[in-house]
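Participant: Below you'll find the structure I mean.
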Amino acid sequence: MTQMRLERLRAELDARELDAVLIAKPENRAYLSGFTGSAGLLLISRDRAALITDFRYIEQATAQAPAFDVVKMESTNQAALARLVDEWGVSRLGFEGDFLTVDDHRNYQQAAAGCQWTSITGLVEGLRMIKDETEIELMRKAAAIADDAFAQILPLIKPGVLERDLATELEYRMKKLGAEGVAFETIVASGVRSSLPHGVASDKPLEQGDLVTFDFGALYQGYCSDMTRTVMVGEPTDKQREIYGIVLEAQKRGVAACRPGITGKELDAVCRSYIAEKGYGEYFGHGTGHGVGRFIHEGPRVSQRGGDVVLQPGMVVTVEPGIYLPGWGGVRIEDMLLITESGAESFTHSPKELLIL
Ligand SMILES: [Mn+2]
């Protein structure tokens, strides 16, 4: 599994004329090595791969990262790095410029003073945008856990129940279904609070006539899922039906447009133009979606801002348009989809027609 990832990284070393890269960011470290401990550095050259870590993690690292030589930290990480750089004859070294602190960078540079240090910000993140089979399987499972947990809490959605209690139930059930945790803080926003796109669950009780937005995800073996559903407590008004219908149609159009070759910006425009056409453009104030993986928000962006990446098979993105009317409420519907050779496969399977509870 990690061999393929290392091969893709090594092709980038050639392209950038680097002898090796130093990887310190935890998610990049786990992606490239398999090692999930909280401390460690990877040094990867064309033909060598080392994982420097401390006493606590030697055994775990050896088991989780078979493609790496596990090197015990000496007096400091810098000393171990300096020795390897010297042994391997590294003269051009890439590092994560968006992650190392100024102090780390200075200390490492002093320890390996003979190297030319070059930032590789975004390099591993670029590789991570295309998920491999192992990752796809984990994300499919993470999404299935969220779907199942949501189905389990539907009977609990009724007037008088607190948003916070529903969030707790969702999280508990996701864990019972195998999640190691949540992908992000669970959003349950009811009634007027549903106009808050990121309304974290509060002590507000659900009331008859509330739209209730649930936005949540499971973390499963290091991978996130992300889904949003909005349901009705009691009979909807005409206006609630109208807004729900517009968001649902926009979301379905977005899902239908997911395919290789479209940019994130173009995909965003599919949802945005429909909502604008219906007169609610100014109430859809966020991007249509984002990539998902080890992080809940990662590349590619599905947005007017920065959505220049062309979608390719193996990318996993969300499609989550919404309409938010201040003082009234809001609706958002979100699926997480894998871009395939011919279109897209939704990982989210919970029904999207308006649920009246
Ligand atoms: Mn999302």
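The values are calculated or read from the model by the stated rules, or taken from the named source; none is laboratory data. Only a predicted model underlies this, so the values are computations on that prediction, with no experimental measurement involved. When we count neighbours, we look across all protein chains shown, and the Cβ atoms used for this are built from the backbone with ideal geometry, even at glycine. What goes into the accessible areas is simple: the full protein's heavy atoms, side chains included, and nothing from ligands, DNA or RNA. Shrake-Rupley method; radii C 1.70, N 1.55, O 1.52, S 1.80 Å.
Participant: Do you know which of the residues in segment 71-127 that are within 16 Å of A20 (Cα to Cα) and of a type in the set (D, E) is least open to solvent (accessible area, probe 1.4 Å)?
Facilitator: Here the residue is E96.
Participant: Has segment 141-155 got at least one residue that is β-branched (V, I, T) and in the same structural domain as T230 (by TED's automatic domain parsing)?
Facilitator: The answer is yes; a qualifying residue exists.
Participant: Something else about it: Checking L311 against (1) within 15 Å of the ligand (Cβ to nearest atom); (2) in contact with a strand residue (DSSP E or B) (Cβ under 6 Å, 6 or more places away or on another chain): exactly one of these is not met. Which one?
Facilitator: The number of the failed condition is (1).
Participant: Out of segment 198-239, which residues are open to solvent by 50 Å² or more (accessible area, probe 1.4 Å) and not hydroxyl-bearing (S, T, Y)?
Facilitator: Within segment 198-239, H198, V200, D203, P205, E207, Q208, Q221, E235, D238, K239 qualify.
Participant: Same structure again: Among the residues of segment 295-305, what is the count of those that are open to solvent by less than 50 Å² (accessible area, probe 1.4 Å) and either part of a loop (DSSP other than H, G, I, E, B) or away from the ligand (no atom under 12 Å from the Cβ) (or both)?
Facilitator: So the answer is 4.
Participant: List, please: which pairs have Cβ atoms under 6 Å, are six or more places apart or on different chains, and start with a residue in segment 109-126 that is assigned to a strand (DSSP E or B) and end with one that is among the basic types (K, R)?
Facilitator: Partner pairs satisfying both residue conditions: Q116/R92.
Participant: Quick check: anything in segment 274-284 within 15 Å of the ligand (Cβ to nearest atom) and of a type in the set (D, E)?
Facilitator: No, segment 274-284 has no match at all.
Participant: Confirm whether D147 is within 18 Å of T230 (Cβ to Cβ) and of a type in the set (D, E).
Facilitator: Criteria met by D147.
Participant: Run H286 past the list (1) closer than 29 Å to I356 by Cβ; (2) in a loop (DSSP other than H, G, I, E, B); (3) open to solvent by less than 20 Å² (accessible area, probe 1.4 Å) and report the number of the one that doesn't hold.
Facilitator: Condition (3) is where H286 drops out.
Participant: Oh, and also: When segment 287-340 is examined, which residues are found to be closer than 18 Å to L219 by Cβ and of a type in the set (K, R)?
Facilitator: Listed by number, the list holds a single entry, R294.
Participant: Can I ask one more? Out of A257, A250, A218, which single residue is within 16 Å of the ligand (Cβ to nearest atom), in contact with a Leu (Cβ under 9 Å, 6 or more places away or on another chain) and either of a type outside the set (V, I, T) or at positive phi (or both)?
Facilitator: A218
Participant: Does I339 satisfy being within 14 Å of the ligand (Cβ to nearest atom) and crowded, with 18+ Cβ neighbours inside 10 Å?
Facilitator: In short, no.
Participant: I need a count of the residues in segment 260-271 that are crowded, with 16+ Cβ neighbours inside 10 Å and either within 16 Å of the ligand (Cβ to nearest atom) or within 17 Å of T340 (Cα to Cα) (or both).
Facilitator: Residues in segment 260-271 being crowded, with 16+ Cβ neighbours inside 10 Å and either within 16 Å of the ligand (Cβ to nearest atom) or within 17 Å of T340 (Cα to Cα) (or both): 7 in total.
Participant: Still on this structure: Please find, within segment 314-332, the residue that is farthest from the ligand (Cβ to nearest atom) out of those that are assigned to a loop (DSSP other than H, G, I, E, B) and within 16 Å of A257 (Cβ to Cβ).
Facilitator: M315
Participant: Continuing with the same structure: Out of all the residues in segment 333-355, which are in contact with a helix residue (DSSP H, G or I) (Cβ under 7 Å, 6 or more places away or on another chain), among the charged types (D, E, K, R) and part of a strand (DSSP E or B)?
Facilitator: D335
Participant: Hey, can you tell me all the residues within segment 15-37 that are touching a Gly at 6+ places or on another chain (Cβ under 9 Å), more than 20 Å from Q60 (Cα to Cα) and small (G, A, S)?
Facilitator: Matches in segment 15-37: A20 only.
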